[in-house]
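Throughout, read-outs are computed from the coordinates displayed, never taken from laboratory work. What you are looking at is a predicted structure, and each value in this text was computed from that prediction instead of being measured. We place every Cβ from the backbone using ideal geometry, glycine too, and count neighbours over all the protein chains shown.
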Amino acid sequence: MSFCSSVKSELLNLRVSGCCRQAFCYGFMLFGRAFSIKRIALQTANEEVARGYANAIFQNYKIKPEIKTGGSKKPTFVAEVISEADRLKILAQYDFGMSEELIDDSIFLRDCCFASFVRGAFLSCGNINDPEKEYRLEFNVKTETIALELQALLLREGISLKSAKNGKGLKLYTKDSAVIEDLLTFMGASKHSLEIMDTKVIKSVKNSINRARNCDSANISKTVEASIRQRRAIEFLKSVDRLESLPEELLQAAKLRLENPEATLKELVRLSSEPLTISGLNHRFQKIIEIYEEMKN
Ligand SMILES: [Zn+2]
């Protein structure tokens with residue numbers, strides 16, 4: 001299974017809560033092959049995605065899209081709402097205002113609903129490369145207006161994507177591993193987000209070893225440097241008896257690091273007795289380093 005299929009499989013197997021159900025389905029449909037009175041369809045090489053699309057529509061509207069298989073060399077799957085009456089029933093749920101090319105954000109009841117919408121959109125038109133080879137995540141959006149709207153909505157969440165012309169449509173993309181991690185976490189693919197973080201650590205350790213071999217130690221990668229800084233700060237606070245007086249959450253993070261000096265962030269998150277995210281843990285280490293730097297100056 002490709003990395004992309006594996007991410008999509010994780011996204012498809014997440015539970016969709018009641019408030020998010022319509023938003024998820026909407027993202028899936030809007031970013032598919034067609035979403036209009038003439039046609040509501042998704043075309044994909046991924047059978048699981050085609051089934052996910054059909055299921056989402058069935059759960060929301062009790063309408064069963066047809067799934068057809070085609071393509072001789074590369075199999076393709078087309079999931080499609082066949083009857084016009086059914087398409088009308090679906091489209092009647094959305095307020096398009098003056099244009100079918102706008103995102104109806106009244107569907108997003110809460111923040112989680114927008115995240116589910118993005119998840120649906122990514123399943124329809126998204127692609128992610130294997131991080132071992134290249135950091136790249138993209139949405140291939142068929143119309144420019146919708147792409148620009150998605151770009152603006154994501155920016156509000158602090159996720160910044162670049163855009164590039166792609167035929168009639170627009171491609172939104174990023175090659176920044178940190179943005180990819182954020183986006184995967186936002187959509188709920190936390191397992192794969194952790195995997196990227198891990199790949200990054202492994203890559204940077206490999207790099208730093210290679211650089212050390214080349215006697216170029218000034219270039220030790222940022223990630224390795226960061227973990228060294230964490231331990232230096234914690235050890236210092238410990239040596240001046242400040243460790244135990246840290247706020248509970250920082251103390252927990254520090255202890256976790258001291259008990260597992262060689263562990264990656266991903267492993268630390270797993271080893272932690274309380275639920276933690278990588279970015280949350282990273283943030284705590286950041287705080288510890290700030291305290292350490294203040295004390296030193
Ligand atoms: Zn929701």
FRET efficiency for Lys206 and Asp104 from the Cβ-Cβ distance with R0 = 41 Å, rounded to 0.05, comes out at 0.30
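Let me spell out the model: positive unit charges on the Cβ of Lys and Arg, negative unit charges on the Cβ of Asp and Glu, origin at the Cα centre of segment 217-296. What dipole size does that give, in debye rounded to 20? It would help to have the intermediate numbers written out before the result.
Details: 13 positive and 13 negative charges, 49 e Å.
Dipole size: approximately 240 debye.
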Could you work out the helix-only [θ] at 222 nm for the chain, with each DSSP H run of four or more residues adding -39,500 (n - 2.57) and the total divided by the number of residues, to the nearest 500 deg cm²/dmol? -17500 deg cm²/dmol
Suppose the chain between Ser245 and Asn129 were pulled fully straight at 0.36 nm per residue; how much longer would it get relative to their current alpha carbon spacing? 37.3 nm
If unit charges are put on Cβ atoms (+1 for Lys and Arg, -1 for Asp and Glu) and the dipole of segment 1-121 is taken about its Cα centre, the option from Phe3, Gly71, Ile107 lying farthest towards the positive end turns out to be Gly71
How large is the dipole of segment 1-139 about the Cα centre if only Lys and Arg carry +1 and Asp and Glu carry -1, each at its Cβ, rounded to the nearest 20 debye? 440
Rounded to the nearest 20 debye, what is the charge dipole size of the chain about its Cα centre when +1 sits on each Lys and Arg Cβ and -1 on each Asp and Glu Cβ? 860
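Using Cα-Cα distances under 8 Å and only pairs 6 or more residues apart, what relative contact order does the chain have, in percent?
Numbers: 409 pairs, mean separation 41.4, N = 297.
Contact order relative to length: 14 percent.
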Dipole of the chain, positive direction: furthest Cα of Ser190, Leu237, Ala41, with charges on the beta-carbon: Ala41
